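Student: Let me begin by handing over the structure; questions about it come next.
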Amino acid sequence: MKIIKNRYLIISANKTINDAIFYLEKSSLKTLFVEDNKKKFVGSITDGDIRRGLLKGISLTDTVKLIVNKKAKFLYSDEIYFDKFNLSYDDAINLIPIISRKTKKILNIRKANFNFKDKKFKASVLIMAGGIGERLMPLTKNCPKPLLKVKGVPILERLIMNFKDQGFNEFVISINYLGYKIKKYFENGKKLGVKISYIEEKKFLGTAGSLKLLNPKKIISKKVIVINGDIHTAINYSDLINFHEKNKGFATIVCRSKELHFPFGIVENQGKKLLSFKEKPKYKQLINAGIYCLNLSSKKFIKTNERLDMPNLLLRLKSKKKNILVYPLIEQWDDLGSIEIFNSYNN
């Protein structure tokens, strides 16, 4: 097993979950190992542990000791040449901490050697790119929002190439406003090394309506990732699909945790009586990230040519007793549909 040297793989139990997210992004290896204040091994943390913690209401400012997996696998330094346990791809383990039997401290971290091919998740991607882009006017007066450039590359091209880098090659783009320009630019996707087909809306169908127009013959899976065409993110789409499948989801909505700072002191009262003050409180909320994983059969709950936004579709599915999941996004994410965010990417 190869020794891995990366200072962002070990984190103190007293660090915050925000710190853990930063470490995960820096290491890019999806696993952290936790030590206490005496440098003794405590356990591990993965992005999945963070997501589960957020779903339970744990705050990003809480310490990682609240989410640490204390049953994490490890090897003592005197047994690294023995096969103490069998690992497979499905264990989701590719890093093993080597621990001193005497001090319980982490001596090094080794990369496990597995002989397997990377698992591939098959799913078609539906990109919603038909909006007018009103928040970006006048930039979108003669250019559809998905073709606006960030550092010289159209937003939509960046999105597609990010998917391609993760093994996705089948795309359907729903177009409306100035859609012919998008179609002319990307054509069938050959120049990007992918396959692209189009849904051409005759009227604005919202963020879910065009799902009804998907041709099942052009879909390689019964699962569809639906994403707004102005999203810039480092999400791992395979993890999203795995989460959706493992939890038997009918639809999964990706959400981003945001802390909202109220700039005024809040007065709490009961009728005429003062109860208390909250000085400039902070509220933690999950916001819609504009990314979804849906079973293809979701389309049967949409009427032909119905204008429908995704939140309304999800509530409709929920009313039909379908299993609707929430997937907390801890990776980098931005909505490039606002002029402030768009300009920040080009500065």
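No lab work stands behind these numbers, since they all come straight from the coordinates. Here the structure is a predicted model, which is why all the values come from computation and not from measurement. All Cβ positions, even for glycine, are placed from backbone atoms using ideal geometry, and neighbour counts span all protein chains on display.
Student: With +1 on each Lys and Arg Cβ and -1 on each Asp and Glu Cβ, how big is the dipole of the chain about its Cα centre, in debye rounded to the nearest 20?
Tutor: For this selection, approximately 680 debye.
Student: Still on this structure: Tabulate in residue order the Karplus-calculated ³J(HN,Hα) for region 331-338, using 6.51 cos²θ - 1.76 cosθ + 1.60 with θ = phi - 60°, rounded to whole Hz; enter x for Gly and Pro.
Tutor: Using θ = phi - 60°, the values come out as 6, 4, 7, 8, 9, 7, x, 9 Hz.
Student: Test of understanding: what is the full-extension gain from LYS195 to ASN305, defined as 0.36 nm times their sequence separation minus their Cα-Cα distance?
Tutor: Full extension from LYS195 to ASN305 adds 37.1 nm.
Student: Sticking with this one: Compute the signed sum of charges (Lys and Arg +1, Asp and Glu -1) over the other residues within less than 13 Å, Cβ to Cβ, of LEU329.
Tutor: My count for the surroundings of LEU329 gives -3.
Student: Same structure, new question: For MET161 and LYS203 in one chain, what is 0.36 nm times their gap in residues minus the Cα-Cα distance, to one decimal in nm?
Tutor: The span from MET161 to LYS203 would gain 12.3 nm if fully extended.
Student: Follow-up question, since we're still on this one. Going through the cross-link list LYS183/LYS246; LYS190/LYS223; LYS71/LYS164; LYS145/LYS322; LYS30/LYS104; LYS70/LYS322, which pairs have a Cα-Cα distance over 29 Å in this structure?
Tutor: Those over the limit are LYS183/LYS246; LYS71/LYS164; LYS145/LYS322; LYS70/LYS322.
Student: Which links in LYS191/LYS217; LYS217/LYS248; LYS248/LYS300; LYS217/LYS320; LYS280/LYS318; LYS191/LYS248 stretch past 29 Å when you go from one Cα to the other?
Tutor: As for pairs spanning more than 29 Å Cα to Cα, those are LYS280/LYS318; LYS191/LYS248.
Student: Give the average over all directions of the projected area of the C-alpha convex hull of region 240-347, one decimal, in nm².
Tutor: Its average projected convex-hull area is 11.7 nm².
Student: Shifting gears a bit: In a shell of Cβ-Cβ distance under 11 Å around ARG158, excluding ARG158 itself, what net charge do Lys and Arg (+1) and Asp and Glu (-1) give?
Tutor: Here the charged neighbours net out to 0.
Student: Starting with the fewest neighbours, write out HIS244, HIS261, HIS232 ranked by other beta-carbon atoms found within 10 Å of each beta-carbon.
Tutor: In increasing order of surrounding Cβ atoms, one gets HIS261, HIS232, HIS244.
Student: What does the extension gain come out to for ASN346 and LEU274, with contour length at 0.36 nm per residue minus their alpha carbon separation?
Tutor: Gain on extension, ASN346 to LEU274, equals 21.0 nm.
Student: How large is ³J(HN,Hα) for each residue in region 187-200, as worked out from phi by the Karplus curve 6.51 cos²θ - 1.76 cosθ + 1.60 (θ = phi - 60°), to whole Hz, x for Gly and Pro?
Tutor: Running phi through 6.51 cos²θ - 1.76 cosθ + 1.60 with θ = phi - 60° gives 6, 8, x, 4, 5, 9, x, 9, 10, 10, 10, 10, 10, 9 Hz.
Student: Still on this model: To test your reading of the geometry: what angle, between 0 and 90 degrees and rounded to tens, separates the Cα axis of helix 237-246 from the longest principal axis of the chain?
Tutor: For helix 237-246, the angle is close to 80 degrees.
Student: Can you list residues whose amide H is under 5 Å from ARG110's amide H, if they're 5+ apart or on another chain and H is modeled 1.01 Å from N?
Tutor: ILE4, ILE96, ILE98
Student: Loop-only GluC sites (Glu not before Pro) in region 154-255, please: DSSP not H, G, I, E or B, and at most 13 other Cβ atoms within 10 Å.
Tutor: Passing sites in region 154-255 are GLU187.
Student: Further question: Around ARG135, with a cut-off of 10 angstrom between Cβ atoms, what is the net charge of the other residues, counting Lys and Arg +1 and Asp and Glu -1?
Tutor: Counting the neighbours of ARG135, the net charge comes to -3.
Student: Would you please name the chymotrypsin sites (Phe, Trp or Tyr not before Pro) within region 200-287 that are DSSP coil residues with at most 11 other C-beta atoms within 10 Å of their C-beta?
Tutor: Filter output for region 200-287: PHE264.
Student: On each of the three principal axes of the Cα atoms of the chain, give max minus min coordinate, whole Å, ordered largest first.
Tutor: Cα extents, longest axis first: 71, 68, 47 Å.
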